[in-house]
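Undergrad: One structure follows; several queries about it will come next.
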Amino acid sequence: MNAPTTPQGLPGQPQVAYAGDQLHVEGVCLSELAREHGTPLFVYSKAAMLSALAAYQRGFAGRNAQICYAMKANSSLAVLQVFADAGCGFDIVSGGELARVLAAGGDPAKVIFSGVGKTRHEMKQALQVGIGCFNVESEAELDVLSAVAADLGKVAPVSLRVNPNVDPKTHPYISTGLKGNKFGIAHEDAQRAYRHAASLPGLKVVGIDCHIGSQITDSTPYLDAMDRVLDLVADIEAAGIAIHHIDFGGGLGINYNGDTPPEADALWAQLLAKLDARGYGQRQLMIEPGRSLVGNAGVCLTEVLYLKPGEQKNFCIVDAAMNDLPRPAMYQAFHQIVPVSQHSGDGVVYDVVGPVCESGDWIGRDRQLVVQAGDVLAVLSAGAYCMSMASNYNTRGRAAEILVDGTKAHLIRQRESAFDTFALEQLV
Ligand code: LLP
């Protein structure tokens, strides 16, 4: 595998670059990876993940801050290992995610547990391994958590997720900090909920948190949410309840299609200035970024199976589908699609679609491509919320995954076989 000689980093994905006509991830040629491992194939750049993390680390230099990677974005073990080795904690939302953190060598003391529907079993599991904090989302959950902890003879560290009622101006399915969303405790109920938490024997209040949405490309909603949360901290502490840490959630967007979110360090320079101005700069800070750490670190390789010209549309039928890349079907999301091996010629406009039996199974619409059957395409910005949301719909085994580190390509997940997809089933 030749290292790229004149890499032209793609927008938003500097570690994905053409050397001559061949697309590379770091020093690894993607055509060769597709030949060796087959398609669909997810390929991630370790350097891209670490460079995204470094932007946050620069932003928090000299502060008492803990970065908890929101692993729902990409929970593959080797990806978690990259972040655990770099000192990150994890934001989890299920007992399954906790099991993954432990399997990847993550530190349970740096785990925070979010989510509106934690079960008693999951609470117990998390208390037994000693996670850092439960981000509680309702008053009813406070009572259950206290009882579960008391039964175990433990005290659960808790933060209350407040819903600041701020519009993050993103897709409605991934906006979480508005009154009509199921998340968090309403701003006006927070005081009461904190007093209730402080009165329960199985709980110890340690923090406050919020998370207003995902793929946020503007700093204003963050600044507004911070104001709302800090107002609450002042009121809660006036009632004699100490707030040790403040957690501002995740949500920073990435460049999918010319999007221009602030860099993590620039965003945090703005937020920390506000925090300092309001006198909270020395508190322990937590954040829960997901997409912005991994989204632009990954691509999905897919082979063109058939070209199907039509009267109204031309279809480019590929071997990846909505079960591998669910974001277009679910959120009408845009992912760039480029050839791994560039040809010259006149492009034709295609809808790039998968083999799944639904018209919703599309990956890109109206894309100009110079392409023929057998070519391999790269779907860009596929590091976040693709593999972790993949399914076996149409009894399609999930794709394999590769982690690239310089010129080395590590297979980090084998392709699922058809047998794997029904291995837990049995005939009557
Ligand atoms: N913290 C909490 C409590 C969350 O619910 C989320 C994401 C995050 C942190 C991380 O947010 P991020 O930094 O990744 O934006 N599947 C959707 C995104 C769902 C986000 C869910 N919560 C998509 O593909 O766009």
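The values are calculated or read from the model by the stated rules, or taken from the named source; none is laboratory data. Computed from a predicted structure; not experimentally measured. So basically every Cβ, Gly included, is an ideal-geometry build from the backbone, and we count neighbours across all protein chains shown. Side chains are part of the model used for accessible areas, which takes the heavy atoms of the whole protein and leaves out ligands, DNA and RNA. Shrake-Rupley method; radii C 1.70, N 1.55, O 1.52, S 1.80 Å.
Undergrad: At 0.692 mPa s and 37 °C, plugging the Kirkwood radius over alpha-carbon pairs of the range 92-170 into Stokes-Einstein gives what diffusion coefficient in µm²/s?
TA: The diffusion coefficient I find is 251 µm²/s.
Undergrad: Taking the Cα-to-Cβ direction at GLN282 and at ALA269 and moving 7 Å from each Cα, how far apart do the two end points lie in nm?
TA: 2.5 nm
Undergrad: Taking the Cα centroid of the range 281-295 and of the range 384-399, what is the distance between the two, rounded to the nearest whole Å?
TA: The two parts, judged by their Cα centres, are 27 Å apart.
Undergrad: Right, something else. In Å, what is the Rg of the alpha-carbon atoms in the range 298-363, and how long is Dmax?
TA: When restricted to the Cα atoms of the range 298-363, Rg and Dmax are 12.0, 35 Å.
Undergrad: Treating the angle as unsigned and between 0 and 90°, give the value, to the nearest 10°, between the Cα long axis of helix 139-152 and the longest Cα principal axis of the chain.
TA: Result, in degrees: 80.
Undergrad: Restricting attention to the range 5-75, which trypsin sites (Lys or Arg not before Pro) occupy a DSSP loop and are surrounded by at most 16 other Cβ atoms within 10 Å?
TA: Here the trypsin sites (Lys or Arg not before Pro) that fit, given the DSSP loop and packing criteria, are ARG63.
Undergrad: Here's another thing I want to ask about it. Distance from a point 7 Å along Cα→Cβ of HIS244 to each backbone N in the range 60-103: keep the residues under 15 Å and list them by number.
TA: 64-66
Undergrad: Now, a different point. Where Rh is the Kirkwood radius over the Cα pairs of the chain, the temperature 4 °C and the viscosity 1.567 mPa s, what D in µm²/s does Stokes-Einstein return?
TA: 57 µm²/s
Undergrad: Carbon and sulfur atoms: what percent of the 1.4 Å accessible area of the range 316-407 do they account for?
TA: Carbon plus sulfur share of accessible area: 46 percent.
Undergrad: May I pose another question? If you put +1 on each Lys and Arg Cβ and -1 on each Asp and Glu Cβ, how big is the dipole of the chain around its Cα centre, in Debye rounded to 20?
TA: Numbers: 33 positive and 45 negative charges, 129 e Å.
Result for the chain is approximately 620 debye, rounded to the nearest 20.
Undergrad: So which GluC sites (Glu not before Pro) in the range 226-328 pass both tests, a DSSP loop state and at most 10 other Cβ atoms within 10 Å of the Cβ?
TA: Here the GluC sites (Glu not before Pro) that fit, given the DSSP loop and packing criteria, are GLU311.
Undergrad: Next question, about the same structure. Normalised by the number of residues in the chain, what is the relative contact order in percent for Cα pairs under 8 Å and 6+ residues apart?
TA: Numbers: 992 pairs, mean separation 82.4, N = 428.
Taking the mean separation of contacting Cα pairs over the length of the chain, I get 19 percent.
Undergrad: Starting from the Cα of ALA150, step 7 Å along the direction of its Cβ; do the same at ASP366; then give the gap between the two resulting points in nm.
TA: Going from the ALA150 label point to the ASP366 one covers 6.1 nm.
Undergrad: Helix-derived [θ] at 222 nm for the chain: sum -39500 (n - 2.57) over DSSP H runs of at least 4, divide by residue count, nearest 500?
TA: Helices in the chain give a 222 nm mean residue ellipticity of -8500 deg cm²/dmol.
Undergrad: On to the next question. Return the lysines within reach of LYS179: Cα separation strictly under 16 angstrom, same-chain partners fewer than 8 residues apart disregarded; answer none if there are no such residues.
TA: Candidates past the 8-residue exclusion: LYS169.
Undergrad: DSSP beta bridges in the range 114-289, what fraction antiparallel, as a percent rounded to 5?
TA: 5 percent
Undergrad: Measure off, as a whole percent, the carbon and sulfur share of the 1.4 Å-probe accessible area of the range 114-289, all protein chains present.
TA: 50 percent
Undergrad: Here's something else I'd like to know. Taking the Cα centre of the range 1-145 as origin, sum charge times position over the Cβ atoms of Lys and Arg (+1) and Asp and Glu (-1), and report the length of that vector in debye to the nearest 20.
TA: Charge dipole of the range 1-145: 180 debye, to the nearest 20.
Undergrad: Also, quick follow-up: Using the heavy atoms of the protein chains and a 1.4 angstrom probe, tell me the accessible area per residue for the chain in square angstrom.
TA: 41 Å²
Undergrad: For the chain, what proportion of DSSP beta bridges, expressed in % and rounded to the nearest 5, is antiparallel?
TA: Numbers: 36 of 73 bridges.
The antiparallel proportion sits near 50 percent.
Undergrad: At a threshold of 8 angstrom on Cα-Cα distance, excluding pairs fewer than six apart, so keeping six or more, what relative contact order does the range 114-289 reach in percent?
TA: Once normalised by length, the contact order is 20 percent.
Undergrad: Let me ask another. If I take R0 = 30 Å and measure r between the Cβ atoms of LYS308 and SER344 in this structure, what FRET efficiency does the formula 1/(1 + (r/R0)^6) give, to the nearest 0.05?
TA: After rounding, the FRET efficiency stands at 0.85.
Undergrad: Could you please state how large a percent of the accessible area of the range 4-103 is carbon and sulfur, counting protein chains only and using a 1.4 Å probe?
TA: C and S atoms contribute 51 percent here.
Undergrad: On a straight-distance basis, which lysines could pair with LYS124 in a cross-link, Cα separation under 23 angstrom, same-chain partners fewer than 8 positions away excluded?
TA: Result set, ordered by chain and number: LYS72, LYS110, LYS154, LYS204.
Undergrad: Distance between Cα centroids, the range 107-178 to the range 324-378: provide it in whole Å.
TA: Measuring centre to centre over Cα atoms gives 39 Å.
Undergrad: Relative contact order of the range 270-324: what whole-number percent is it, with Cα pairs under 8 angstrom and at least 6 residues apart? Display every interim value, and only then the final one.
TA: Numbers: 29 pairs, mean separation 11.3, N = 55.
Relative CO of the range 270-324 lands at 21 percent.
Undergrad: Taking R0 as 45 Å, what's the FRET efficiency between GLN191 and ASP218 from their Cβ-Cβ distance, rounded to 0.05? Each step should come with its number before you reach the end.
TA: On the way: r = 29 Å, r/R0 = 0.65.
Efficiency for this residue pair is about 0.95.
Undergrad: Grab the eigenvalues of the alpha-carbon gyration tensor for the range 114-289, scale each by 5, take roots, and send me the semi-axes largest first in whole angstrom.
TA: Each semi-axis is the square root of five times an eigenvalue, giving 28, 18, 14 Å.
Undergrad: Separate question: Between GLU237 and GLN332, how high is the FRET efficiency from 1/(1 + (r/R0)^6) when r is the Cβ-Cβ distance and R₀ = 41 Å? Nearest 0.05.
TA: Computed FRET efficiency for GLU237 and GLN332 comes out at 0.40.
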